[in-house]
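First comes the structure, then the notes that go with it.
A short reminder: the numbers here are calculations on the coordinates, not readings from a lab. Since the model is a prediction, treat every value here as computed from it, not as a measurement. Here Cβ is always computed from backbone atoms with ideal geometry, including for glycine, and neighbour counts include all displayed protein chains.
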Amino acid sequence: MKILVLISNVPDTTTKIRFTGDNKAFDTSGVQWIINPWDELALTRALEIKEAGGVESITVANVGTAATEPTLRKALAVGADDAIRIDAEPKDAFYVASQLAQIAKDYDLIMSGIESSDYNGAGVGGMLAAMLDIHSVSAVSGVSLENGAFTVQRDIDGGNQKVSVSAPLLVVVQKGIAKDPRIPAMRGIMMARKKPLNVIPAAAVEARTEFLGYEMPEAKAACKMVDEDNAKELIRLLHEEAKVL
Amino acid sequence: MSVLVYTENWEGKFKKLSYELASFASAIAKEMGSTVTALSIGHVADDELKSLGKYGVNKVLNVQDNRFESLDNKAVADAIAKAVASEGAKVVILAHNNEGKAFAPRLTVKLNAGLVTGVIGAPVSVEPFVVKKKVFTQKAFAKIQIKTDVKVLTFAQNSFDVVENQVDTVIEAFDPQIGDDEFTTKVNETNKITGKILLSDAEIVVSGGRGMKGPENWAGLEEMGDLLGAGMACSRPVSDDGWRPKEEHVGQTGKIIAPNLYFAFGISGAIQHVAGVSSSKFIVAVNKDPEAPIFEFADYGIVGDVFKVIPQFIEGIKEIKS
Ligand SMILES: Cc1cc2nc3c(=O)[nH]c(=O)nc-3n(C[C@H](O)[C@H](O)[C@H](O)COP(=O)(O)OP(=O)(O)OC[C@H]3O[C@@H](n4cnc5c(N)ncnc54)[C@H](O)[C@@H]3O)c2cc1C
Ligand SMILES: Cc1cc2nc3c(=O)[nH]c(=O)nc-3n(C[C@H](O)[C@H](O)[C@H](O)COP(=O)(O)OP(=O)(O)OC[C@H]3O[C@@H](n4cnc5c(N)ncnc54)[C@H](O)[C@@H]3O)c2cc1C
């Protein structure tokens, strides 16, 4: 069995968000890049499944420029066996999924995150499954391999379910898929340098959406403070001023 | 040419979210000079289906087929695609919730459509088709143009007013003709969260952080929650440490919510926490540290001890409720 984990390269979660060129583009100067938190958990779960036995290899893949290679190396250092980078400047979820469709055909399990923490597209996983014409399960908080089929825990609106689906399968993962992300050890970092990172040229694909520009939210008015010993006053303000109680 | 809206039901009933989606669809249809068709899958009584007419839905396609109960992502997406084709719909709207996020991306591949998820408010324009959404996990807004003929959107809850706009509604039975072999997701077990207000539906949310000191101290927050009919939430370390169930975790790596009122007790206001609650209309913070970042995001605040403040809040709420 072979597992493919999709890796989105995103700004560190504490990054101060700024835009350049008349608010037309995200300002990447000084930004630290990380593995998208969901993808990091997906990779952690993939490693756990591999350790339980029956998995031949874990491949990680990214659509991005050479600048994303440190992120892929980190995934290798955590324990993936090999990496694929499709050499392209990602434009939207459809563009990314179309690129991935070139390389994603021969896997039994594909894992994607529920969304990239930068553009929050929430699209790549489901699109890729439809392009490959395989099954997908979304909002997944647990996956394991039992007797050749996958047992999957997923959230539904108002509860959760345990479902089983046969391979090949794509899961779109979220909170709960693994507890804490694995951190690369020194040995892993050394080994990662020798693991294969294959670069594949981009396919000619048109994006279907275009990001026209960005806005920052309006600055908030100052917080209205109430004294600790007069806390009931705050409830009165919510009732009479804000009118939300 | 019409606008198609997928209105999911919860045990045969629609929720405010369904009417919000219908209102949103009907506003877009009006601008495009077209009509609204709703697609309903599952057992919903005719009266309930008709209630969509109050919010501008002209026609309901009613699919009654138990096989869809497994929410098989492929089968449902294919069924929605069939409905879109039969209506010649140009704009397709789903909710930005678990179901919508599962089906919409698959749907775009079937329909050669462009997708924007988590759309907030009315479109900026319909010609060209430009919508707004939050990006960088709630930290900024983006304007995005969809360039394809057919457009698929998932719509963020609580970002459009429910508007009454009664029209005549026809209900038509619809069979999307999905073969048995398309359904491969087998449901082994379902756990419904009952007797609790779902966080995603709650108008008021009461939330606690590490400043609450331990799970044994939640009684006051729960009492507030009961009095207000509020949903309960918490910060990540609180759910990680098992003080509270994981469904209550809000933030960048938890749920993203947009209630009218969010109470943060003993929560420092880390950027990853605020990412999940910054769309709340009003935020109230109680923290003993005047420098806590949460006060930069809050509308009302108290610098003080949560254990002194909570009993006073409860008393105050009881007074305004009586
Ligand atoms: C205007 C714009 C500017 C961008 N600039 C940059 C940039 O400077 N540097 C950069 O690295 N990226 C950049 N991107 C790409 C971006 O980070 C995403 O990879 C891409 O847009 C898909 O994002 P999404 O939010 O639609 O993904 P989603 O659909 O939210 O992602 C869901 C999951 O799909 C997988 N996935 C997403 N993107 C990729 C990917 N690229 N490769 C492999 N798997 C993926 C992951 O598992 C992820 O968890 C840019 C995108 C846009 C729209
Ligand atoms: C990748 C990543 C993702 C993350 N995602 C999330 C997420 O989704 N959600 C999330 O919440 N966090 C998330 N975090 C963690 C986040 O950075 C913070 O660590 C976390 O939000 C802190 O939780 P807290 O406010 O409960 O605790 P603390 O930061 O410890 O704050 C406790 C607060 O309580 C106050 N306090 C203490 N005693 C009292 C008292 N008696 N009365 C009043 N106030 C008191 C203190 O002054 C302090 O401000 C993430 C972190 C990372 C790196």
Subject >> Label-reachable residues, the stretch B:134-165, where backbone N falls under 20 Å from a point 7 Å from A:A207's Cα toward its Cβ >> reply: B:134-154
Original post:
Taking the stretch A:136-217, which GluC sites (Glu not before Pro) meet the DSSP loop condition and have no more than 16 other C-beta atoms within 10 Å?
Top reply: A:E206
**OP:** List, in order, the whole-Hz ³J(HN,Hα) value for each residue of the stretch B:275-281 obtained from phi through the Karplus relation with A = 6.51, B = -1.76, C = 1.60 and θ = phi - 60°; use x for Gly and Pro.
**Re:** 3, x, 10, 5, 7, 4, 5
**OP:** For chain A, set up a Gaussian network in which alpha carbons nearer than 10 Å are linked by springs, and say which option among A:A204, A:A178, A:A77 fluctuates the most.
**Re:** A:A204
**OP:** Quickly work out the B:D181-to-A:R236 label distance, labels modelled 7 Å from Cα along the C-beta direction, and quote it in nm with one decimal.
**Re:** 7.3
**OP:** List every residue whose amide H lies under 5 Å from the amide H of B:F183, counting only residues 5 or more places away in sequence or on a different chain, with H placed 1.01 Å from N in the peptide plane.
**Re:** none
Original post:
Within the stretch A:100-124, what residues put their amide N at less than 13 Å from the label point 7 Å along the Cα-to-Cβ vector of A:D87?
Top reply: none
**OP:** Give, in whole angstrom and from largest to smallest, the semi-axes √(5λ) of the equivalent ellipsoid of the stretch B:13-136, with λ running over the eigenvalues of the Cα gyration tensor.
**Re:** 22, 18, 14
Original post:
Based on the Cα coordinates of chain A, what is the per residue volume of their convex hull in Å³?
Top reply: 195
Original post:
Under a 5 Å amide H to amide H cut-off, with H placed in plane at 1.01 Å, what residues pair with B:T154 once short-range neighbours are removed?
Top reply: B:L94, B:V116, B:T117, B:G118, B:V119
Original post:
Size of the dipole of the protein assembly as shown about the Cα centre, Lys and Arg at +1 and Asp and Glu at -1 on the beta carbon, nothing else charged, in debye to 20?
Top reply: 1080
**OP:** Net charge near B:L198: determine it from the other residues with C-beta under 14 Å of the C-beta of B:L198, scoring Lys and Arg +1 and Asp and Glu -1.
**Re:** -3
Original post:
To the nearest 0.05, what FRET efficiency results for B:K321 and A:K162 with a Förster distance of 60 Å applied to their C-beta separation?
Top reply: 0.90
**OP:** When a/c is below 1.5 the answer is rounded, else prolate if a/b is larger than b/c, else oblate, so apply that to the stretch B:118-197 with a ≥ b ≥ c taken from the square roots of the Cα gyration tensor eigenvalues.
**Re:** prolate
Original post:
Expressed in nm to one decimal, what extension gain is obtained for the pair B:T194 and B:E127 from 0.36 nm per residue of sequence separation less their Cα-Cα distance?
Top reply: 19.8 nm
Subject >> Exercise: per-residue mean of other protein chain Cβ atoms within 10 Å, B:308-320 >> reply: 4
Original post:
Can you give the calculated 222 nm mean residue ellipticity of chain A, where each DSSP H run of n ≥ 4 adds -39,500 (n - 2.57) and the sum is split over every residue, rounded to the nearest 500 deg cm²/dmol?
Top reply: -7000 deg cm²/dmol
Subject >> P(r) histogram, all alpha-carbon pairs of chain B included - 20 Å bins from 0, percent >> reply: 30, 52, 18, 0
Original post:
What shape does the stretch A:148-245 have by the C-alpha gyration tensor, where a ≥ b ≥ c are the square roots of the eigenvalues, rounded means a/c under 1.5, and otherwise prolate means a/b greater than b/c and oblate the rest?
Top reply: prolate
Original post:
What residues have an amide H closer than 5 Å to that of B:A140, excluding those fewer than 5 places away on the same chain, when H is modeled at 1.01 Å from N in the peptide plane?
Top reply: B:V135
Subject >> Under the Karplus curve 6.51 cos²θ - 1.76 cosθ + 1.60, θ = phi - 60°, whole-Hz ³J(HN,Hα) for the stretch A:213-219, x wherever Gly or Pro sits >> reply: x, 10, 9, 8, x, 4, 4
**OP:** Please report the orientation-averaged projected area of the protein assembly as shown, defined via the convex hull of its C-alpha atoms, in nm².
**Re:** 25.9
Original post:
What does the charge add up to near B:K151, with Lys and Arg as +1, Asp and Glu as -1, over the other residues with Cβ less than 11 Å from its Cβ?
Top reply: +2
Subject >> Hz values of 3J(HN,Hα) by residue in the stretch A:12-26 - Karplus curve (6.51, -1.76, 1.60), Gly and Pro given as x >> reply: 3, 5, 9, 4, 6, 8, 9, 10, 10, x, 6, 6, 9, 9, 6
